[in-house]
Every structure is written in structure tokens, then in C-alpha cells.
Amino acid sequence: MDFLRITSLIFICGVLLNFPAIVTAGDIVHDDDLAPKKPGCENDFVLVKVQTWINGEEDAEFVGVGARFGTTIVSKEKNAQQTPLTLSDPRDCCKPPRKKLSGEVVMVDRGHCKFTTKANNAEAAGASAILIVNNEKELYKMVCDPGETDLDIHIPAVMLPQDAGITLNKMLLNGSSVTVQLYSPKRPVVDIAEVFLWLMAVGTILCGSYWSAGSAREAAIEQDKLLKDASEKELPNFGTGDSSTVMDINMISAVLFVVVASCFLIVLYKLMRFTWFFEILVVLFCIGGVEVRVVALICYLS
């Protein structure tokens with residue numbers, strides 16, 4: 001296999017392996033036909049971005065999931081309002097809050113009562129939205145029970161993972177002024193980033209292929225000239241280029257490649273949600289990319 005094609009494939013593997021990181025949360029809208037739908041409880045499950053501000057300065061952003069019930073969340077960030085965040089009292093909001101709210105976003109614990117009960121209590125107290133913190137790190141689909149009738153809820157409900165709730169809780173208990181902005185961006189029909197990455201990958205293959213074909217053609221022309229000029233002299237082998245640019249792949253190598261690649265994909269699936277692993281992966285790809293380009297430049301200059 002030609003060296004340039006190897007570098008092209010390495011580059012494309014880097015692009016494709018990094019590509020899932022652009023959309024780590026998966027589909028922005030997810031419709032589940034198994035979850036019960038009824039009037040007042042028929043929203044799609046959408047991913048919701050929760051941008052926070054601490055004492056007026058932009059801070060961390062969290063991702064939650066919208067509920068089947070309640071009002072829909074705006075899709076554009078510019079249309080989302082910054083609203084003060086407060087803790088519920090009681091924390092699970094299974095009973096009406098002890099103090100009235102004036103349009104704040106209330107954060108509540110998962111508790112043991114129904115999601116709709118929490119939302120109704122928060123709305124009755126004057127909240128503009130409710131953030132329900134799950135008791136696990138994963139997100140949970142908030143649906144309605146088949147027999148529920150009190151579904152006239154006019155505030156959005158969003159579930160956050162446990163680690164996001166812990167972080168927000170610390171911010172509030174420190175006495176900081178915390179405001180949040182809730183919006184659910186829509187995925188465009190054509191993502192410019194995807195098109196750009198596709199063009200980069202395909203362009204790299206085309207350039208490598210044409211470059212390799214041009215080099216082979218020049219070698220063939222040079223060999224034809226030597227055949228015409230020399231009669232009985234020993235001719236150098238220009239047929240496939242220097243042996244350093246040739247890679248022989250046997251059956252064992254092919255099988256090992258599939259096994260190693262599969263194991264690496266499993267590791268990606270299990271550890272990609274951790275920030276430290278993603279950062280290590282980016283650093284490794286950067287080092288590999290620089291090394292490949294340096295080697296390609298040295299081979300070209302030599």
C-alpha cells in the first residue's frame with residue numbers, strides 16, 4: 001500500500017473517530033412510541049441546553065432532557081431569557097413550596113412523587129420552569145401515568161443528571177447569584193461542519209491517489225527511458241518505488257487490525273462520556289497527525 005494512501009486513511013480515521021465528539025449527545029429530538037401519549041402529555045423528548053451565569057458571568061453549560069408534559073422550550077438561544085435559579089423548599093417539591101416564587105426557575109430533587117405533581121406544585125408557586133435533578137448520572141424520560149388527568153401544565157420541565165444538580169446546588173449554597181437560560185436547539189437539515197469534514201476526508205484521498213499515480217507514472221517513464229538507453233546493463237528496480245513506501249499486509253495483520261479496531265471502538269463507547277478521556281484522545285490524535293505529516297514531508301523532500 002502506498003505511503004500517501006496510508007497517511008490519507010490515518011487522517012480519515014482521525015476525522016471519523018473525532019466526529020462523534022461534535023454531537024456527543026446524539027439526536028436532539030427523540031420520539032419514543034413506547035412512552036404513552038395523551039392530550040397535555042405529547043411532547044417529543046428533546047435535549048435542552050442549560051447555560052448558567054454566576055454573579056453575572058457566564059459559567060458552565062449542562063444538558064438535560066425535556067418532559068412529555070409542559071410547554072415546549074424555545075429553540076434559539078437569543079430568544080431564551082436569563083432567569084434566576086432557586087432551590088425548592090421542600091427539596092423534592094412533592095408538596096407545595098413554602099414560599100411563593102416570582103418567575104424563578106426552581107430546581108428540585110427526584111424524590112418519590114410523580115413528575116407532573118412536582119410541575120403542578122412549582123407552577124402554582126409561581127415558577128417559570130422546573131429543573132428536576134435525577135438521582136443517577138443518567139437521564140430519565142419523564143412521562144405521564146396512564147390514569148393521570150391533571151396535565152394542564154404551562155411551564156417547561158427539564159431533567160438534569162445528578163452531577164449537574166450537585167454543581168448547581170453548590171453554586172446556590174455558596175450564596176452566589178445564579179441565573180439560567182433554557183433552550184433546545186434544532187439540528188439543521190445540512191450541517192456545515194459535516195460537509196466540511198466530508199470534503200476534507202474525500203479531498204485527502206483524492207490528493208493522495210493522484211499524487212501516488214503521478215509518482216508511479218514518472219517511475220514508469222524513467223524505466224522506459226533506461227530500457228531504451230541501456231542494452232545489457234543491470235537495471236535498477238523502479239517499478240514500485242522504494243521498499244520503505246510499501247507495506248505488505250497478510251491475513252494475520254488484517255485480522256489483528258479488525259480486533260484492535262473493535263476493541264478501540266468499545267473503549268470509545270464506554271469512556272467517551274468522561275472529559276479526561278476525550279482530552280487524552282484529542283492530544284493523541286494531534287500527536288499522530290503531526291507525526292504523519294512530518295514523515296510525509298520528509299519523504300517528499302528526500
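The values are calculated or read from the model by the stated rules, or taken from the named source; none is laboratory data. Worth saying up front: this structure is predicted, and the values here are computed from it rather than measured. Here Cβ is always computed from backbone atoms with ideal geometry, including for glycine, and neighbour counts include all displayed protein chains. Remember, those area values only see protein heavy atoms, side chains included, never the ligands or the DNA or RNA. Shrake-Rupley method; radii C 1.70, N 1.55, O 1.52, S 1.80 Å.
Pick out, in residue order, every one of the GluC sites (Glu not before Pro) in region 133-166 that is DSSP loop and has at most 12 other C-beta atoms within 10 Å; say none if there are none.
Taking region 133-166 and a limit of 12 other Cβ atoms within 10 Å, the loop GluC sites (Glu not before Pro) found are Glu136, Glu138.
What ranking, highest mean first, results for peptides 281-289, 124-132 when packing means the other Cβ atoms within 10 Å averaged over each residue?
Highest mean packing first, the order is 124-132, 281-289.
If one computes the Cα centroid of region 93-123 and of region 261-302, what distance in Å separates the two points?
Cα centres, region 93-123 to region 261-302: 46 Å.
Which order do Glu291, Glu77 take by accessible area at a 1.4 Å probe, largest first?
Glu291, Glu77
Using amide H atoms built in the peptide plane, which far-off residues or other-chain residues are under 5 Å from Asp59 H to H?
Hits under the 5 Å cutoff: Thr52, Trp53, Ile54.
Based on Cβ point charges of +1 for Lys and Arg and -1 for Asp and Glu, what charge dipole magnitude is obtained for region 47-183 about its Cα centre, in debye rounded to the nearest 20?
Dipole about the Cα centre, nearest 20: 180 debye.
Give the cross-link partners of Lys270 among the lysines, using a straight C-alpha distance below 16 Å as the criterion and excluding same-chain residues fewer than 8 apart.
Reachable lysines: Lys137.
Would you rank His154, His112 by solvent-accessible area, highest first, keeping every protein chain in place and using a 1.4 Å probe?
His112, His154
Which of the lysines could a cross-linker span from Lys78 if the Cα-Cα distance has to be under 22 Å and same-chain partners fewer than 8 positions apart are dropped?
Leaving aside lysines fewer than 8 places away in the same chain, those within reach of Lys78 are Lys49, Lys186.
What does the accessible area per residue of region 47-183 come to in Å², with a 1.4 Å probe and no ligands, DNA or RNA counted?
49
Kindly rank 65-72, 104-111, 256-263, 206-213 from highest to lowest mean number of other beta carbons found within 10 Å of each residue.
Most protected by this proxy first, the peptides run 104-111, 65-72, 206-213, 256-263.
Under 1.5 on a/c is rounded, so check that first for region 47-183, then, if it is not, pick prolate when a/b is larger than b/c and oblate when it is not; a ≥ b ≥ c are the square roots of the alpha carbon gyration tensor eigenvalues.
Rounded.
For Asp191 and Val294 in the same chain, what is the full-extension length gain: residue separation times 0.36 nm, less their Cα-Cα distance, in nm?
Fully extending the segment from Asp191 to Val294 adds 33.9 nm.
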